[in-house]
Amino acid sequence: MAATAGYNAALKVGGTPTTITDEATTQLSAGPPQVFQITASTKRVLDPATAVVIKDNTTADVTSDFTIDFNTGTVTSATGGYASVTISGKYIPLHTVALCQVATINAAVAELDTSSLGNAYTDFTCGKGTAEGEITYLGALSDVLDGGTLDWQTIFDGRTLFFLEATFSTRLFLGWGYPLGVPSELPQDGVVSHSLSWKSTSRRATTQNTEVAFTFTDA
């Protein structure tokens, strides 16, 4: 595998949920299971707070036959047999963070101790997953990030849940998180920079009995 220059990475933050109606999809797998994904790459992050409706050829409501990946705009039917499907709901537009200098992401799972008496070594099993990271930013904390409605300072002051997309090499990180801190650095021999530290959280989808958290997928 070849090394990848870091400057090729990109960071985006989610904006205001926007309505889509009978949005076209592309079949990824004929199945079963049969898999479709929203064709327009800019409309694939679905708002879990908004009901999603899946139709067969824009007519019959077949939502109950599908599971939904809200972070990638992918829907899966265990039985299949659909010629095409459309999706209605709201998507989250993603806006590039300008002047981002460094971004770190650390995904991990909790270690649950399963050790017992008589065993001289530690045993454990994997528990819940989480992700956290930090974004170093050369602009002002008040600079708008998503087309005029959010900035880092507002996100932090309001303890605002936000969506983050990070592109690195051929992989994508997509997930929801809360801000934890906004440290600043003022070096005498460099430029002022600000950082936002964050940690992932999950959201319960309105129309699905599932939690939406973070995803790693192909770019």
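List of remarks:
- Contact map, the range 15-29: first residue in the same structural domain as A78 (by TED's automatic domain parsing), second residue assigned to a strand (DSSP E or B) and of a type in the set (D, E), Cβ cut-off under 8 Å, separation 6 or more or different chains; the map is empty.
- The residues of the range 96-129 that are under 30 Å from V144 (Cα atoms) and out of contact with any Asp or Glu (no Cβ under 7 Å at 6 or more places or on another chain), listed by number, are T96, V97, A98, L99, C100, Q101, V102, A103, I105, A107.
- Test: L138 is farther than 23 Å from G73 by Cβ and either in the same structural domain as D69 (by TED's automatic domain parsing) or touching a Cys at 6+ places or on another chain (Cβ under 9 Å) (or both): yes
- Those strands (runs of 3 or more DSSP E) lying entirely in the range 19-93 with at least 1 residues under 18 Å from the mean Cα position of the chain (by Cα): 34-38, 66-69, 74-77, 85-91
- Test: residue in the range 178-186 that is in a loop (DSSP other than H, G, I, E, B), at negative phi and in contact with a Leu (Cβ under 6 Å, 6 or more places away or on another chain): yes
- Within the range 30-50, tally of residues that are surrounded by 14 or more Cβ atoms within 10 Å (Cβ to Cβ) and either touching a residue at least 40 places away in the same chain (Cβ under 8 Å) or touching a helix residue (DSSP H, G or I) at 6+ places or on another chain (Cβ under 7 Å) (or both): 13
- Odd one out for V85 among (1) touching a residue at least 60 places away in the same chain (Cβ under 8 Å); (2) closer than 27 Å to G177 by Cα: (2)
- Among the candidates V182, V109, V144, residue that is of a type in the set (V, I, T), over 17 Å from the mean Cα position of the chain (by Cα) and surrounded by fewer than 14 Cβ atoms within 10 Å (Cβ to Cβ): V109
- Which listed residue is outside any strand (DSSP E or B) and not charged (D, E, K, R), from G139, G133, G175, G129: G139
The values are calculated or read from the model by the stated rules, or taken from the named source; none is laboratory data. None of the values given here were measured: they were computed from a predicted structure. We place every Cβ from the backbone using ideal geometry, glycine too, and count neighbours over all the protein chains shown.
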